[in-house]
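The values are calculated or read from the model by the stated rules, or taken from the named source; none is laboratory data. Keep in mind it's a predicted model, so treat the numbers as computed, not measured. Cβ coordinates were reconstructed from backbone atoms using ideal geometry, including for glycine residues, and neighbour counts include every protein chain displayed.
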Amino acid sequence: MTAFEHLPIALASLVVLLARPAILACRPFVAIGRISYGLYLWHFPLSDTFGPIGMLAAFPIAAASLVLVERPIRETVRSRLRRTLFAPGHLESRPGDGADGLKGTTE
């Protein structure tokens with residue numbers, strides 16, 4: 001392993017050993033937490049291709065993918081779920097439904 005490969009392990013160990021809840025709630029850690037999925041996806045191909053510069057480039061690319069990809073997908077899914085689950089009459093019983101509101105249970 002190179003020194004570059006040891007750095008993330010050392011930093012993660014340091015955070016685990018020294019962190020208190022107030023420290024983890026500070027803005028830099030919260031910002032990294034918000035883009036963490038994008039960092040997970042982007043860091044390896046970029047650092048493998050471009051070395052340490054690629055790892056640094058993963059941060060703005062992960063932030064962009066959060067805004068341009070993750071949030072729009074998340075909002076679309078949420079709005080569709082809201083329309084489906086909370087549509088008027090969705091949870092009401094209708095004629096022909098069983099006592100529990102499920103179709104095909106009347107006998």
Criterion violated by Arg27 - all others in (1) closer than 27 Å to Val69 by Cα; (2) surrounded by 10 or more Cβ atoms within 10 Å (Cβ to Cβ) satisfied: (2)
Tally of residues being among the basic types (Lys, Arg) and either modelled with pLDDT of 95 or more or closer than 22 Å to Val15 by Cα (or both) across segment 33-84: 1
One residue from Ile35, Ile9 being hydrophobic (A, V, I, L, M, F, W, C) and within 18 Å of the chain's Cα centre (by Cα): Ile35
Residue that is nearest to Met55 (Cα to Cα) [pool: residues in segment 1-15 that are surrounded by 10 or more Cβ atoms within 10 Å (Cβ to Cβ) and of a type in the set (Val, Ile, Thr)]: Ile9
Residue in segment 37-63 that is surrounded by the fewest Cβ atoms within 10 Å (Cβ to Cβ), counting only those that are over 17 Å from Ala3 (Cα atoms) and touching a residue at least 24 places away in the same chain (Cβ under 8 Å): Tyr37
